[in-house]
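Q: My structure is below; once you've seen it, I'll send some questions.
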Amino acid sequence: MEFGVLGPVVAWDDAGRPVALKGPRHRAVLARLIVARGRVVPATRLGDDLWLDPPDGALGAVRTFVASLRRALEPDRAPRTPARLLVTEGPGYALRTEAVDAWRFEKAVAAALPAGELLAELSKGLALWRGPAYADFAEEGWAQAERSRLTELRLRAVERQAEAQLALGLAAEAVPELDAHVTEHPWREEAWRLLALALYRTGRQGDALAVLRRARSMLVEQLGVDPGTALSRLETDILNQADHLEPVSAGRVWEEAAAAYDRTVGAGARARLESTVGLLRNLAVTGGGGLEAARRHRLAAVLAAEELGDPDLTARVIGAYDVPAIWTRSDDEVQAAAIVAAAERALRTQQHPATRARLLATIALESRGSREPRAAEAAREAEEIARGLDDPALLAFALNGVFMQTCDRAGLAPQRDAIGEELVDLSERHGLFTYEVLGHLIRLQALSALGDFSAADHHATAADALAARHELPLVGVFTHWYRAMLEDTEPGYRKAAVLLEGAGMPGLQQGLLPLALACHHVRHGLPVPDADYGPYEPWTRPLVLLAQNRMAEAGAALQVTPEPPPGLMLEALWCLTAHAARALDHQQSLARTRAALAPAATEQAAGSALLTLGPIAPHLDGPRLR
């Protein structure tokens, strides 16, 4: 259920259809509870807010309105079961939801993002407005403060949108919206300043000066105030054609630097390969096509280095790609195997400790999801070398490899949390912001497994803040999925899945949404649907067959269900097997899953921070999953 107050007050169901809220007083109760932002509003206060002079029986009428709203908002709720959305607490009522358009809009306005992402967020936020906030309650005293606050936020959002457009060199696109904005809200000095600057940057110096004269005239004649220093300074700067009024063109800087590099460094120079890897490292964290391109060109760079017959160069090219990795399944297993093989070849001739550590860490990282003893051995050796050297970046890279090799059995969340804690501390002290993000995400996952969601929330927020500051869009994929896991609803998971489209992480994306929905169904006692589960097919197939009442086939599928591969889904996949085994009363499989899950008996099957099956203990010896 979603709620809209940026216009007339409405509610929509999970299919986007308007919910019938009956009369204006029903909508008033809902609006009043939304204004309270989850706080309890006493029933007597609701009565006072609904009527200037509450009639006899006002309290009973409020209760009737609430009951009617509950039926509309939770039509599938069983009789005599407690409400989940509009709840009774103490002397009053509260609305328990985060799905309010105004609150989403607030987050968009407050977002600290690079200009391009901010422009997209603000555009989406402004598109949520369908009219004045709380439009059908404009005269109600309880709504006026909130209406004023949201109106001010909307005006600021229009101005922030223009700022982002100017930062991106889109001055011409900013002019029409700003022109309409100052016409409707002529007291907004910042809007006048932005409009004049946008006009100047489109080559319309005369129009820019005319706008500033209009602003001065309006402020003096209608409001009786002089223009602020920002407007006065801009007029002077425009008259002097000050250099700082011209936008800094990142594209121009890039083109000039690239041309200088081409002139200075020969096409066949070995330095080009090492420079290429540095570029690929930066490209990888941009997500989407950047990550895919970096992955593709990385192997080409390694092979080119090997062809030059320079073992030291090859080792440096392999080890320089120290891109932090959080997901425990490879995006391209064939390429990963080729990188591991090249790293092993480079190790044979490499004696320099730091270079050896980078090669070993690469082996540990690229062998994620395997049970190869060599991978765990390489992780331990890389960490040992790195701890003996005064190189924080190397130690962070090595710890990333250790993390990837700490998912081979259940119950290792505390060890992963310790790795994340060290990474955050190390990175904060030495300015390694990408590894600081990694540390927060590792702790987010580990604390989810340990059931400490309050602490996990802190690390999600910290990761988002760092991602906004340093333009790391892939981070949001994991934090949005984490919040979808906490919500644990089908619409929530589907919204999170949209972020994976084009993110360049097939190892994460393949089968994830169907698996999350399957876990949701199991947790809530629903049949598991047939779907393309990708790499998770062996652990979901028995449950799909059970849902279709094909018991014999389900039993046969259960008997050949393999041990889950190492990774952050390990506990969840074991729990799915346990659920099928219990449904089929297959004691051998039950004993097998209990033995595997016993080390994690006090944890949650949520170590991926992407999906959950709740506490693990009931999967070990309880008849039901609740």
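The values are calculated or read from the model by the stated rules, or taken from the named source; none is laboratory data. Computed from a prediction, not measured in an experiment: that's the story for all the values here. Quick reminder, even Gly has a Cβ in these numbers, built from the backbone with ideal geometry, and neighbours come from all protein chains shown. Surface areas here come from the heavy atoms of the whole protein model, side chains and all, with no ligands, DNA or RNA. Shrake-Rupley method; radii C 1.70, N 1.55, O 1.52, S 1.80 Å.
Q: Take each of the peptides 162-174, 547-559, average the number of other beta-carbon atoms within 10 Å over its residues, and list them starting from the highest.
A: Per-residue mean Cβ counts within 10 Å order the peptides as 162-174, 547-559.
Q: Given points 7 Å out from each Cα along the Cα-Cβ axis, report the Thr489 to Ala552 separation in nanometres with one decimal.
A: Result: 4.3 nm between the two label points.
Q: Using a cut-off of under 19 Å, list every residue of segment 70-108 whose amide N is near the label point 7 Å from the Cα of Ala145 along the Cα-to-beta-carbon line.
A: Within reach of a label on Ala145: 93-95, 102-103, 106.
Q: Something else about it: Would you list Tyr321, Tyr493 from the most to the least accessible area, probe 1.4 Å?
A: Tyr321, Tyr493
Q: Taking the Cα centre of the chain as origin and charging only Cβ (+1 Lys, Arg; -1 Asp, Glu), how large is the dipole, in debye to the nearest 20?
A: 1320
Q: Residue separation times 0.36 nm, minus the C-alpha to C-alpha distance between Ala138 and Glu106: what's the value?
A: Here the segment from Ala138 to Glu106 would lengthen by 9.5 nm.
Q: Would you mind checking which residues have amide H under 5 Å from Gly92's amide H? H placed 1.01 Å from N; only 5 or more apart, or other chain.
A: When sequence neighbours closer than 5 places are left aside, the close amide H contacts are Ala43.
Q: With just the Cα atoms defining each centre, how far is segment 99-134 from segment 596-619? Give it in Å.
A: 36
Q: Then there is this: Enumerate the residues in segment 322-350 having an amide nitrogen under 16 Å from the point lying 7 Å beyond the Cα of Leu308 toward its Cβ.
A: 346
Q: Can you tell which of Ile616, Tyr261, Leu195 lies farthest toward the positive end of the dipole of the chain, using +1 and -1 charges on the Cβ of basic and acidic side chains (Lys, Arg; Asp, Glu)?
A: Ile616
Q: Turning to a different aspect of this structure: Could you check the spin-label model distance between Glu421 and Asp226? Points 7 Å from the Cα along Cα→Cβ, value in nm.
A: It is 6.0 nm.
Q: In whole Hz, what ³J(HN,Hα) sequence does segment 70-87 give by Karplus (6.51, -1.76, 1.60; θ = phi - 60°), x for Gly and Pro?
A: 4, 4, 6, 7, 10, x, 9, 5, 5, x, 6, 9, x, 6, 9, 9, 9, 9
Q: Percent relative contact order of segment 393-479, based on C-alpha pairs within less than 8 angstrom and at least six residues apart?
A: This gives 22 percent for segment 393-479.
Q: Follow-up. At 0.36 nm per residue, minus the direct Cα-Cα distance, what do Arg130 and Ala531 gain on full extension? Give it in nm, one decimal, please.
A: Full-extension gain reported as 140.6 nm.
Q: When all protein chains stay in place, what accessible area (Å², nearest 10, 1.4 Å probe) is found for Glu563?
A: About 100 Å², ignoring ligands and nucleic acids.
Q: Can you tell which of Thr81, Ser148, Trp129 lies farthest toward the positive end of the dipole of segment 1-156, using +1 and -1 charges on the Cβ of basic and acidic side chains (Lys, Arg; Asp, Glu)?
A: Thr81
Q: Separate question: What shape does segment 513-568 take by its C-alpha gyration tensor, where a ≥ b ≥ c are the square roots of the eigenvalues and a/c under 1.5 counts as rounded, a/b above b/c as prolate, and the rest as oblate?
A: Oblate shape, in that a/c is at least 1.5 and b/c is the bigger or equal ratio.
Q: Here's another thing I want to ask about it. Under a Cβ-Cβ cut-off of 15 Å, what is the net charge of the residues other than Arg592 that fall near it, where Lys and Arg count +1 and Asp and Glu count -1?
A: Summing Lys and Arg as +1 and Asp and Glu as -1 gives -1.
Q: Hey, if you put +1 on the Cβ of every Lys and Arg and -1 on every Asp and Glu Cβ in segment 420-491, which of Leu432, Ala484, Ala455 ends up farthest toward the positive end of that dipole?
A: In segment 420-491, that residue is Leu432.
Q: Can you spot the lysines whose alpha carbon is less than 30 Å from Lys107's alpha carbon? Ignore those fewer than 8 places along the same chain.
A: Straight-line reach from Lys107, under 30 Å: Lys124, Lys495.
Q: Further question on the same structure: Taking amide hydrogens as modeled 1.01 Å from N in the peptide plane, which residues meet the under 5 Å criterion relative to Ala11, leaving out close sequence neighbours?
A: Close amide H contacts, sequence-distant or interchain: Gly4, Val19.
Q: Given 0.36 nm per residue, what is the gain on full extension from Glu344 to Ala300 after removing their alpha carbon distance, in nm?
A: Taking Glu344 through Ala300 to full extension adds about 14.2 nm, to one decimal.
Q: Turning to a different aspect of this structure: Considering only protein heavy atoms and a 1.4 Å probe, what is the carbon-and-sulfur percentage of the accessible area of segment 84-137?
A: C and S fraction of accessible area: 59 percent.
Q: Report the local net charge at Leu568: Lys and Arg +1, Asp and Glu -1, summed over other residues whose C-beta lies under 9 Å from its C-beta.
A: That works out to +1.
Q: If we count every other residue with Cβ under 11 angstrom of Glu121's Cβ, Lys/Arg +1 and Asp/Glu -1, where does the sum land?
A: Taking every Cβ under 11 Å from that of Glu121, the sum is +3.
Q: I want to check the label-to-label distance for Glu372 and Glu189. Put each point 7 Å from Cα in the C-beta direction and report it in nm to one decimal.
A: 6.5
Q: Using only the Cα atoms of segment 318-362, build the gyration tensor, take square roots of its eigenvalues as a ≥ b ≥ c, and label the shape rounded, prolate or oblate: rounded if a/c is under 1.5, else prolate if a/b is larger than b/c, else oblate.
A: oblate
Q: Continuing with this model, one more query. Roll a 1.4 Å probe over the protein chains and send me the accessible area per residue for segment 62-213 in Å².
A: With the other protein chains kept in place, segment 62-213 gives 48 Å² per residue.
Q: Follow-up. Here are some values of P(r) over Cα pairs in 20 Å bins from 0, in percent: (1) 14, 33, 35, 17, 1; (2) 16, 39, 34, 10, 0; (3) 18, 46, 28, 8, 1, 0. Which one was computed from this structure?
A: Structure-derived value, by its label: (2).
Q: Would you mind pulling out the separation of the Cα centroids of segment 274-327 and segment 517-575, in Å?
A: Their Cα centres are 37 Å away from one another.
Q: In whole percent, how big is the carbon plus sulfur part of the accessible area of segment 299-402, probe 1.4 Å, protein atoms only?
A: For segment 299-402, the apolar C and S fraction of the accessible surface comes to 52 percent.
Q: Could you state the number of Å between the C-alpha centres of segment 188-209 and segment 477-509?
A: If we compute the Cα centre of each part, the gap is 41 Å.
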